[in-house]
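Below is one structure, written out as structure tokens; comments come after it.
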Amino acid sequence: MKMEKFSELIKSSKHLIVPSYQRAFAWKEQQVEQFIFDLLEMREKDYYYGHFIIEDTNGRFEIIDGQQRVTTFILFLIVCKLFKSNNNAYEFINKFETVDYDQNAFSNISNLTIDDIKVLREFNTISLNRIFDALKYFIRKFEDKSLNIECIDNYINTLMNAHISAHITYDKAVAVQIFELQNTRGINLNLIEKVKAKLINSA
């Protein structure tokens with residue numbers, strides 16, 4: 001399956017899932033700020049949104065590499081919906097599932113208001129705290145006019161039409177092998193993440 005645009009990845013999946021042996025949401029403000037910078041810079045240009053590695057299980061796409069970018073996209077959609085209620089891309093919010101230990105809280109985000117999100121503070125996991133930090137960051141950017149509410153459809157369209165490269169695998173063992181290989185660079189996996197990957201591979 002060849003994919004050249006981010007919309008093809010999103011639309012062709014029944015569900016987009018971050019498997020629990022994967023690293024949960026880890027982006028901090030610096031990375032989320034770069035996401036906004038790239039989005040604003042690339043609205044009138046060809047936007048490359050990176051490489052994705054996916055395990056396809058009967059149309060359920062487990063994200064082996066690219067989970068930070070997919071999660072950030074979904075968080076951005078959630079905030080866009082708070083400021084502008086209608087866009088066809090919002091249907092993809094409910095197709096996404098994060099790691100299982102954050103999913104219950106994540107699934108309730110769509111029921112929150114802007115004020116709810118602003119006042120929420122400490123959560124059980126670092127990744128949930130970073131998810132809500134990203135939501136708050138996007139809200140601030142719309143409120144301080146760095147992001148224009150009138151341009152929401154344009155922002156979403158830019159992301160949906162962004163160029164990507166993608167590798168699709170149908171084998172769990174191959175997916176875990178790719179996961180381990182991809183994570184020999186950058187931030188090292190911690191012991192728990194390595195053990196989870198091994199357990200999934202041996203199941």
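The values are calculated or read from the model by the stated rules, or taken from the named source; none is laboratory data. Treat the numbers as computed from the prediction; the structure is a model and nothing was measured. Using ideal geometry, Cβ is built from the backbone for each residue, glycine included, and neighbour counts are taken over all protein chains shown. In case anyone asks, the SASA skips ligands and DNA or RNA and just uses the protein heavy atoms, side chains included. Shrake-Rupley method; radii C 1.70, N 1.55, O 1.52, S 1.80 Å.
Which residue is least open to solvent (accessible area, probe 1.4 Å), if the candidates are limited to region 57-90 and must be farther than 29 Å from Ile114 by Cα and in a loop (DSSP other than H, G, I, E, B)?
Gly59
Would region 127-147 turn up any residue that is under 18 Å from Ser12 (Cα atoms), open to solvent by 10 Å² or more (accessible area, probe 1.4 Å), under 16 Å from the mean Cα position of the chain (by Cα) and charged (D, E, K, R)?
no
Check whether at least one residue in region 43-56 is in contact with a Phe, Trp or Tyr (Cβ under 9 Å, 6 or more places away or on another chain) and closer than 26 Å to Ile114 by Cβ, and report yes or no.
Among the residues of region 43-56, at least one is in contact with a Phe, Trp or Tyr (Cβ under 9 Å, 6 or more places away or on another chain) and closer than 26 Å to Ile114 by Cβ, which makes the answer yes.
Would you mind stating whether Asn87 is within 16 Å of Ile168 (Cβ to Cβ), among the polar types (S, T, N, Q) and in contact (Cβ under 8 Å) with a residue 12 or more places away in the chain?
no
Can you pull out every residue in region 91-114 that is open to solvent by 40 Å² or more (accessible area, probe 1.4 Å), assigned to a helix (DSSP H, G or I) and charged (D, E, K, R)?
If the condition is that a residue be open to solvent by 40 Å² or more (accessible area, probe 1.4 Å), assigned to a helix (DSSP H, G or I) and charged (D, E, K, R), then Glu91, Asp100 are the ones that fit.
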